[in-house]
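The structure appears below as structure tokens.
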Amino acid sequence: MPGFVLLMRPRDDGDDTMRIGFTVTKKIGNAVVRNRMKRRLRALARELLAERGVAGADHVLIGRNGGIERDYALLRTELGKAFRKVTPQAAPDTTPAKAGAQTGKRP
């Protein structure tokens, strides 16, 4: 995403606790700018991690250069998309259709 990078790694230690870390490098700006970016990332995580995070995984949000100028609502939408990308998807249902079931085709 343009404002941040989200990394997720399952711990596989039997603990369902979700952990999160934040990183903003000196390339982003001075201490004031980096701290502002971390505050924004913490607020986003507080809103979305509990409902969209992966249980038993470590999440890391890395601030990027454009993140401080981006609108907060846009960052929130992008974080939702990022969580959908890193969340393991359930396997598709591969059970065969029942005999006589409607398939939408005419005989």
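The values are calculated or read from the model by the stated rules, or taken from the named source; none is laboratory data. A quick note: this is a predicted structure, and the numbers were derived from the prediction, not measured. Reconstructed Cβ throughout: ideal geometry from the backbone, glycine too, with neighbour counts over all protein chains shown. Note: accessible area is taken over every heavy atom of the protein model, side chains too, but ligands, DNA and RNA are not part of it. Shrake-Rupley method; radii C 1.70, N 1.55, O 1.52, S 1.80 Å.
Key figures for this structure:
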read-out	value
Residue list for region 67-88, filter: under 11 Å from L6 (Cβ atoms) and either over 9 Å from the mean Cα position of the chain (by Cα) or assigned to a helix (DSSP H, G or I) (or both)	E78, L79, G80, K81, A82, F83, R84, K85, V86
Output for region 18-66, where each listed residue is over 13 Å from L6 (Cα atoms) and among the small types (G, A, S)	G29, A31, A43, A50, A55, G56, G66
Test for V54: is it within 16 Å of K85 (Cβ to Cβ), touching a Pro at 6+ places or on another chain (Cβ under 9 Å) and among the β-branched types (V, I, T)	yes
Test result for G21, at pLDDT 90 or above, surrounded by fewer than 16 Cβ atoms within 10 Å (Cβ to Cβ) and of a type outside the set (D, E)	yes
Extreme residue, nearest to G53 (Cα to Cα), among residues of region 1-41 that are assigned to a helix (DSSP H, G or I) and in contact (Cβ under 8 Å) with a residue 12 or more places away in the chain	L41
Single unsatisfied condition, G3 versus (1) modelled with pLDDT of 90 or more; (2) touching a Leu at 6+ places or on another chain (Cβ under 6 Å)	(1)
Identity of the residue in region 64-91, open to solvent by 50 Å² or more (accessible area, probe 1.4 Å) and of a type in the set (G, A, S), that ends up nearest to M8 (Cα to Cα)	A90
Subset tally (residues that are among the small types (G, A, S) and either assigned to a strand (DSSP E or B) or buried (at least 20 other Cβ atoms within 10 Å of the Cβ) (or both)) for region 54-63	2
